[in-house]
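Colleague: Handing you this structure, nothing more for now.
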Amino acid sequence: MTTTEARSQIAFEELGLGAVLSRYILRVPPNQREYAWEIEPHVTKLLQDFARAISDEGPYFLGTIVTIPRAEGELEVVDGQQRLATTALLLAAIRDYLKDTVAEDELAESVDKDFLWTFDRSRRERIPRLTLNVDDNTLFEQIVTGEDTGEATRASHDRLLAARDEARKHVKRIVATLEDREHGDVLNRWISFIQYRALVVLLRVPDEHDAYRMFETLNDRGLRTSQADLVKNYLFGRAGSRVAEVQDRWSYMRGALESSSDDDDITITFLRHALIVQQGPLREDDVYDAAQSIVKSEATAVKFAGTLETLANAYVATFNPEHERWNSYSDSVRRSIQVFNLFDIKPMRPLILAVAATMDKREAAKVYQFLISLGVRLIIASSTRSGSVETPLAETARSVFDGRLETAKEVREALDLLAPSDSVFRNAFVGARVSNARLARYYLRSLESVAKGEPSPWFIPTDDKAVINLEHILPKKPEGNWPDFNDDDVKRLTNRIGNQTLMLASQNSSLRSDGFKEKRPIYAASPYVLTSQVASVDHWTEDAIDERQKQLALLALKAWPI
């Protein structure tokens with residue numbers, strides 16, 4: 001086959017990441033993005049995964065690298081530069097340590113020649129095996145030559161230097177407990193691992209169109225489902241003579257999940273949450289590795305499958321307030337499940353699951369009440385997506401599942417630092433905007449319950465959307481009836497919680513975009529305390545919205561206490 005014919009076809013091979021660096025001249029296109037990996041979680045995860053795989057004496061799969069063949073032996077990197085560059089930085093750190101600390105000059109030189117540099121015969125000069133984009137390459141070349149000045153002029157340079165420093169620290173950690181004479185052998189073991197057992201699938205495609213089509217295919221949501229299949233296949237493979245038992249339990253788990261949700265990704269989402277309650281914080285792309293760390297034998301495969309079966313039943317119940325699981329619980333638990341489904345705070349799901357699976361029923365009801373207050377406070381404080389929220393919730397879920405936390409009081413204490421304080425919550429509520437109509441209705445109905453002195457305001461009050469509507473006092477479409485507010489004012493103020501109130505549907509339909517003068521008598525006649533109070537204001541202004549929201553914030557402290 002000619003070189004031209006080879007380039008016209010899609011080809012792939014499995015080989016070590018070091019072997020990719022060794023065999024090819026790799027170039028990142030000038031217009032491709034800069035070095036983007038942060039120390040946490042990217043660089044440290046790669047180094048820790050390498051260390052674990054070396055300790056286990058097994059291979060480690062890093063996914064697919066997509067390339068386009070250019071000149072003879074030269075590949076343009078479409079996807080994979082972060083893994084390649086970080087690995088090169090690690091190899092450079094190993095080389096520097098071998099050369100400067102333990103005087104293993106020949107071994108250090110082999111790292112240089114085999115992975116970092118090569119000699120271009122036509123140009124009569126040494127060239128790097130990996131070239132980054134135009135913004136990063138000068139600094140990257142300085143690092144891999146060991147002559148970098150440490151000067152950064154871009155954010156990507158800061159990341160490169162941080163990755164270099166982390167790689168150097170990691171090399172020192174590798175040899176920290178060893179005799180000096182052992183350092184070279186141990187680091188050579190790392191070099192061999194990178195060359196032969198840190199595996200990738202190297203994909204070579206004819207042109208940019210095929211390259212980016214493959215990139216999109218490899219990175220679409222289908223990979224999430226395939227990871228669940230990897231867990232299943234690994235579990236069945238470890239089950240040995242009891243594979244039929246494990247298959248039955250897996251089938252029950254899948255059946256329970258699929259009967260409760262149309263989400264194609266429900267299995268991998270559940271697996272992650274189930275593993276969090278057993279192991280603590282876990283990223284989605286680590287699900288397969290986490291399952292491997294638990295399942296080592298036939299017995300552990302059976303036990304793990306049984307745990308998944310049990311947790312699946314509890315998991316589906318946490319999405320369904322009418323589930324038979326709640327028959328022996330107080331009614332407050334069913335009402336709590338309604339609120340959780342309204343919030344859908346995903347980092348909270350493992351803790352909700354752990355409580356359902358293991359905790360005393362009376363204590364579970366108290367924990368769920370606390371989590372509702374915590375959920376509202378986190379939503380209002382715009383904190384539901386941060387890692388600082390996910391980690392403590394995951395750790396608490398594990399402690400509940402392990403039996404180390406058995407009461408609502410203990411759970412509250414475990415999450416004390418996470419919960420926004422009264423002052424933080426009040427201040428956040430004063431400026432809160434709520435665009436989700438279902439959440440706005442829930443907030444206002446709960447605040448109305450507090451204003452009327454009704455019990456349990458944190459639950460979703462029984463109401464009928466055909467009877468009770470959400471009303472924006474300053475309408476989203478004023479239609480000329482609100483001359484004191486310009487378009488920017490309307491966009492900025494209409495979703496403020498202080499500008500929203502509850503109305504009987506029959507009254508609200510007649511108000512539409514009327515001015516405040518026309519609306520005011522309707523508000524005064526409303527059976528809702530908070531709505532009738534709006535009528536006490538002569539003119540609806542931004543100051544009036546601010547003042548009303550301050551009063552609602554005081555009620556919020558009573559509605560969602562910690």
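Colleague: Leaving out ligands and nucleic acids, and using a 1.4 Å probe, what accessible area per residue does the chain come to in Å²?
Modeller: Averaged over the residues of the chain, the accessible area is 48 Å².
Colleague: Can I ask one more? Compute the distance in nm between two label points, each set 7 Å from the Cα along the Cα-to-Cβ direction, one at D546 and one at E413.
Modeller: Inter-label distance under the simple model: 4.3 nm.
Colleague: Further question: Output wanted: per-residue J couplings in Hz (rounded whole) for the range 107-112, from phi through Karplus 6.51 cos²θ - 1.76 cosθ + 1.60, θ = phi - 60°, x for Gly and Pro.
Modeller: 5, 4, 5, 5, 4, 4
Colleague: Calculate the FRET efficiency for R173 and S388 from the Cβ-Cβ distance with a Förster distance of 35 Å, rounded to the nearest 0.05.
Modeller: 0.85
Colleague: Now for a separate question. First check a/c for the range 234-319, with a ≥ b ≥ c the square roots of the eigenvalues of its C-alpha gyration tensor; if it is under 1.5, answer rounded, and if not, answer prolate when a/b is larger than b/c or oblate otherwise.
Modeller: oblate
Colleague: Using the Cα atoms of the chain, I'd like the radius of gyration and the largest Cα-Cα distance, Dmax, both in angstrom.
Modeller: Here Rg and the maximum Cα pair distance are 29.9, 91 Å.
Colleague: What FRET efficiency would be calculated for the residue pair E324, D263, taking the C-beta separation as r and a Förster radius of 22 Å, to the nearest 0.05? Intermediate values should be presented prior to the final figure.
Modeller: On the way: r = 22 Å, r/R0 = 1.00.
The value I calculate is 0.50.
Colleague: Residues of the range 170-190 with the amide nitrogen closer than 14 Å to a label point 7 Å from the Cα of D105, along Cα-to-Cβ, please.
Modeller: none
Colleague: Relative contact order of the range 329-382, please, whole-number percent, based on alpha carbon pairs below 8 angstrom and at least 6 residues apart.
Modeller: About 53 percent, as a whole number.
Colleague: Please list, in chain and number order, the residues 5+ apart from D79 or on another chain whose amide H is under 5 Å from its amide H, with Hs placed from the backbone.
Modeller: Counting only residues 5 or more places away or on other chains, the set is V66.
Colleague: Answer rounded, prolate or oblate for the range 29-154, using the Cα gyration tensor with square roots of eigenvalues a ≥ b ≥ c: rounded when a/c is under 1.5, else prolate when a/b is larger than b/c, else oblate.
Modeller: Taking the square roots of the gyration eigenvalues as a ≥ b ≥ c, the range 29-154 is rounded.
Colleague: Straight distance only, please: which lysines reach the Cα of K303 with their own Cα at less than 23 Å, same-chain residues fewer than 8 apart left out?
Modeller: Cα-Cα hits under 23 Å: K232.
Colleague: Straight-line reach from K491: which aspartates and glutamates fall under 17 Å, measuring Cα to Cα and dropping same-chain residues less than 8 apart?
Modeller: E471, E479, E542, D543, D546
Colleague: Okay, moving on. Please go through the residue pairs K113/K296; K517/K550; K169/K346; K409/K558; K296/K361; K346/K558 and name each one whose alpha carbons sit more than 29 Å apart in this structure.
Modeller: From the list (K113/K296; K517/K550; K169/K346; K409/K558; K296/K361; K346/K558), the Cα-Cα distance tops 29 Å for K113/K296; K169/K346; K296/K361.
Colleague: Just read off the accessible area of R249 with the full protein assembly in place, 1.4 Å probe, to the nearest 10 Å².
Modeller: Taking all protein chains as shown, R249 has close to 70 Å².
Colleague: At 7 Å along the Cα-to-beta-carbon direction for both D285 and Y234, put a label point, then send me their distance in nm to one decimal.
Modeller: Taking the two extended label points, one gets 1.5 nm.
Colleague: In addition: Please work out how much length the chain gains when fully extended from E454 to T44, using 0.36 nm per residue of separation minus the C-alpha to C-alpha distance, in nm with one decimal.
Modeller: Details: separation 410, 0.36 × 410 = 147.60 nm, distance 5.18 nm.
Answer, rounded to one decimal: 142.4 nm.
Colleague: Below 8 Å between Cα atoms, with a sequence gap of 6+, how large is the relative contact order for the chain in percent?
Modeller: Values: 772 pairs, mean separation 67.6, N = 562.
Answer for the chain is 12 percent.
Colleague: If you don't mind, another one. Quick check: Cα centre of the range 102-129 to Cα centre of the range 350-375, how many Å?
Modeller: Centre-to-centre distance over Cα atoms comes out at 59 Å.
Colleague: Please turn the phi angles of the range 526-533 into ³J(HN,Hα) values with the Karplus equation 6.51 cos²θ - 1.76 cosθ + 1.60 (θ = phi - 60°), one per residue in order, whole Hz, x for glycine and proline.
Modeller: Along the range 526-533, the couplings run 5, x, 8, 4, 5, 6, 5, 5 Hz.
Colleague: Carbon and sulfur: what percent of the chain's accessible surface (1.4 Å probe)?
Modeller: Carbon-and-sulfur percentage of accessible area, whole number: 47.
Colleague: Out of residues 5 or more away from L26 or on other chains, whose amide H comes under 5 Å of its own, with H placed 1.01 Å from N in the peptide plane?
Modeller: Amide H neighbours of L26: L75, L130, T131.
Colleague: By how many nm would the segment from N188 to R362 lengthen if fully extended, with 0.36 nm per residue of separation less the alpha-carbon distance?
Modeller: Here the answer is 56.8 nm.
Colleague: Right, next: In the range 60-78, whose amide N lies under 16 Å from the spot 7 Å out along Cα-to-Cβ of I10? List them in ranges.
Modeller: Label zone hits: 64-69, 78.
Colleague: When a/c reaches 1.5 or more, the comparison of a/b and b/c decides; with that in mind, is the range 106-176 rounded, prolate or oblate per its Cα gyration tensor?
Modeller: Here the range 106-176 falls in the oblate category.
Colleague: Grab the beta carbon distance between R121 and D56, set R0 = 41 Å, and tell me the FRET efficiency rounded to 0.05. Walk me through the numbers before you get to the answer.
Modeller: On the way: r = 41 Å, r/R0 = 1.00.
Given R0 = 41 Å and the Cβ-Cβ separation, E is 0.50.
Colleague: While we're on this one: Would you please name the trypsin sites (Lys or Arg not before Pro) within the range 81-145 that are DSSP coil residues with at most 15 other C-beta atoms within 10 Å of their C-beta?
Modeller: Details: sites: R83, R95, K99, K113, R121, R123, R124, R126, R129; in loops: R121, R123, R124, R129.
Passing sites in the range 81-145 are R121, R123, R124.
Colleague: Moving on to the next point. Straight-line reach from K452: which aspartates and glutamates have Cα under 18 Å away, leaving out those fewer than 8 places along the same chain?
Modeller: Cross-link targets: D463.
The values are calculated or read from the model by the stated rules, or taken from the named source; none is laboratory data. From a predicted model like this one, the values you see are computed outputs, not experimental measurements. In this analysis, Cβ positions are derived from the backbone assuming ideal geometry, glycine residues included, and neighbour counts consider all displayed protein chains. Each accessible area value is taken on the protein alone, full model and side chains, heavy atoms only, with ligands, DNA and RNA left out. Shrake-Rupley method; radii C 1.70, N 1.55, O 1.52, S 1.80 Å.
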